Ligand SMILES: Cc1cc2nc3c(=O)[nH]c(=O)nc-3n(C[C@H](O)[C@H](O)[C@H](O)COP(=O)(O)OP(=O)(O)OC[C@H]3O[C@@H](n4cnc5c(N)ncnc54)[C@H](O)[C@@H]3O)c2cc1C
């Protein structure tokens, strides 16, 4: 009988680990709490699966976050973006590179990525046990006893824990991996949601819900700008959303976790300097000098924003005619449109977040093999670890690379000394 590797969690990292370990000759079983493996992959990239990003270069880790970025570098170098693309090409996924280095399957279907992984697992004879949530892992002699939610016991020589974080629990990752890691003596860096919409403190949100614009958003705390992003921004009834906001969410929530008050600043006219916008508004006012103040903004900004922008600029009498508006008031409006400040009071729930920041403390894990330093023969992979990435294919790359490393070293360790 082949020595067995148990993989807890059939997500991106668990499936990759299973393929590599099985190719190395190990007997592999995946335990998955959902009724099928790879559920989350189907939802990635808006159903297209942004599977990696060619801008992620070794030693350039601007897109990767966590308490030990060098740790992530060790892992990403062992299974690079190029190797990932070749791996998926070999399974049948022709790829294409889109804007900002994002890599997608040529089919534009996330299901094709999960299909080829499942097909390869089947070909290799990997056993897949679904509808099974692992609740406990105990060392039992030189093996591990793995106990599921029905009390059924399974045995394995090596265990790879690849249960994901807490984000989007409807897709399987319900945070149970942290409990397993803790039971085994590992410490956890407090998880918090990332790539998530932000909640703002503002009385008018319901009135502007659904208003979209192309702008620049930045997060600051303690008077310092922490991060800036550009793109389509969307007001919602709880706050703000859109790709730039998701990218900013990590620094905003991290600031709150550190008891700081993050502020969001929005520039609604990124292609106009302050002076140019001031000139433009003055020009519009001069054309419409006898027209109502609020009407002079029709065609410049979304109509639903006009009364709010004026009120937030401390201009309360909107029925005045343009010629009655002072230079100072025009400057106030221009300043608001270039730098609208909001207090960030939190984020949407785990259900809405795409990735979990924080996780299993990397101090407890070997940076070359992903083996636990606390319990030998236990390995970790994926989002469960204290590493996360920006939006754009970086999180799946971390899942593939860490799955590769855990699968490789768990399987090779079976033959050590034989
Ligand atoms: C909507 C959405 C879109 C995304 N789009 C992208 C994208 O386009 N590109 C990108 O790079 N990243 C994207 N991500 C992030 C990316 O999908 C994840 O970072 C990645 O899937 C993490 O892989 P993982 O294997 O660590 O965890 P997961 O994929 O979450 O898999 C963990 C698995 O473990 C199972 N499990 C959990 N606990 C147990 C247990 N106790 N016993 C048994 N099974 C268990 C879960 O059911 C799950 O199947 C997206 C995320 C979401 C939510």
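The values are calculated or read from the model by the stated rules, or taken from the named source; none is laboratory data. Keep in mind that what you see is a predicted model, and the values were worked out from it rather than measured. Cβ placement follows ideal geometry from the backbone for every residue including glycine, while neighbour counts extend to all protein chains displayed.
Report yes if residue 169 is crowded, with 22+ Cβ neighbours inside 10 Å and either modelled with pLDDT of 95 or more or within 24 Å of residue 363 (Cα to Cα) (or both), otherwise no.
It is false that residue 169 is crowded, with 22+ Cβ neighbours inside 10 Å and either modelled with pLDDT of 95 or more or within 24 Å of residue 363 (Cα to Cα) (or both).
Within the group 27, 47, which residue is more than 14 Å from the ligand (Cβ to nearest atom), closer than 23 Å to residue 121 by Cα and surrounded by fewer than 24 Cβ atoms within 10 Å (Cβ to Cβ)?
Among 27, 47, only 27 is more than 14 Å from the ligand (Cβ to nearest atom), closer than 23 Å to residue 121 by Cα and surrounded by fewer than 24 Cβ atoms within 10 Å (Cβ to Cβ).
Out of segment 126-168, which residues are more than 13 Å from residue 29 (Cα to Cα), within 9 Å of the ligand (Cβ to nearest atom) and within 22 Å of the chain's Cα centre (by Cα)?
Passing the criteria: 163, 164, 165, 167, 168.
Out of all the residues in segment 395-418, which are closer than 12 Å to residue 157 by Cβ and either modelled with pLDDT of 95 or more or assigned to a helix (DSSP H, G or I) (or both)?
Listed by number, the residues that qualify are 410, 411, 413, 414.
Considering only helices (runs of 4 or more DSSP H) fully contained in segment 217-336, which possess at least 1 residues that are modelled with pLDDT under 95 and either under 17 Å from residue 196 (Cβ atoms) or touching a helix residue (DSSP H, G or I) at 6+ places or on another chain (Cβ under 6 Å) (or both)?
274-287
Report, by residue number, each residue of segment 347-388 that is assigned to a strand (DSSP E or B) and within 16 Å of the chain's Cα centre (by Cα).
Passing the criteria: 347, 355, 356, 357, 358, 359, 385, 387, 388.
Kindly evaluate residue 56 against the criterion of being under 16 Å from the mean Cα position of the chain (by Cα), more than 19 Å from residue 411 (Cβ to Cβ) and within 8 Å of the ligand (Cβ to nearest atom).
When the stated conditions are applied, residue 56 does not pass them.
Which residue, of 75, 7, 20, is at pLDDT 95 or above, within 16 Å of the ligand (Cβ to nearest atom) and outside any helix (DSSP H, G or I)?
7 is the lone residue from the list that is at pLDDT 95 or above, within 16 Å of the ligand (Cβ to nearest atom) and outside any helix (DSSP H, G or I).
Of all residues in segment 1-24, count the ones that are surrounded by 24 or more Cβ atoms within 10 Å (Cβ to Cβ) and out of contact with any helix residue (DSSP H, G or I) (no Cβ under 9 Å at 6 or more places or on another chain).
Residues in segment 1-24 being surrounded by 24 or more Cβ atoms within 10 Å (Cβ to Cβ) and out of contact with any helix residue (DSSP H, G or I) (no Cβ under 9 Å at 6 or more places or on another chain): 1 in total.
Scan segment 172-208 residue by residue and report those that are within 13 Å of the ligand (Cβ to nearest atom) and part of a strand (DSSP E or B).
Matches in segment 172-208: 191, 193, 194.
Which members of segment 84-97 meet the condition of being in contact (Cβ under 8 Å) with a residue 40 or more places away in the chain and surrounded by fewer than 20 Cβ atoms within 10 Å (Cβ to Cβ)?
87, 95, 97
Each row is one residue, and each column tells you yes or no for (1) under 21 Å from the mean Cα position of the chain (by Cα); (2) in contact (Cβ under 8 Å) with a residue 60 or more places away in the chain; (3) under 17 Å from residue 355 (Cβ atoms).
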position	(1), (2), (3)
188	yes, yes, yes
192	yes, yes, yes
200	yes, yes, no
203	no, no, no
214	no, no, no
220	yes, no, no
224	no, no, no
227	yes, no, yes
230	yes, no, no
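Yes or no, residue by residue, for (1) within 11 Å of the ligand (Cβ to nearest atom); (2) farther than 17 Å from residue 400 by Cβ; (3) outside the structural domain of residue 396 (by TED's automatic domain parsing):
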residue: 51; (1), (2), (3): yes, no, no
residue: 62; (1), (2), (3): no, yes, no
residue: 83; (1), (2), (3): no, no, no
residue: 89; (1), (2), (3): no, no, no
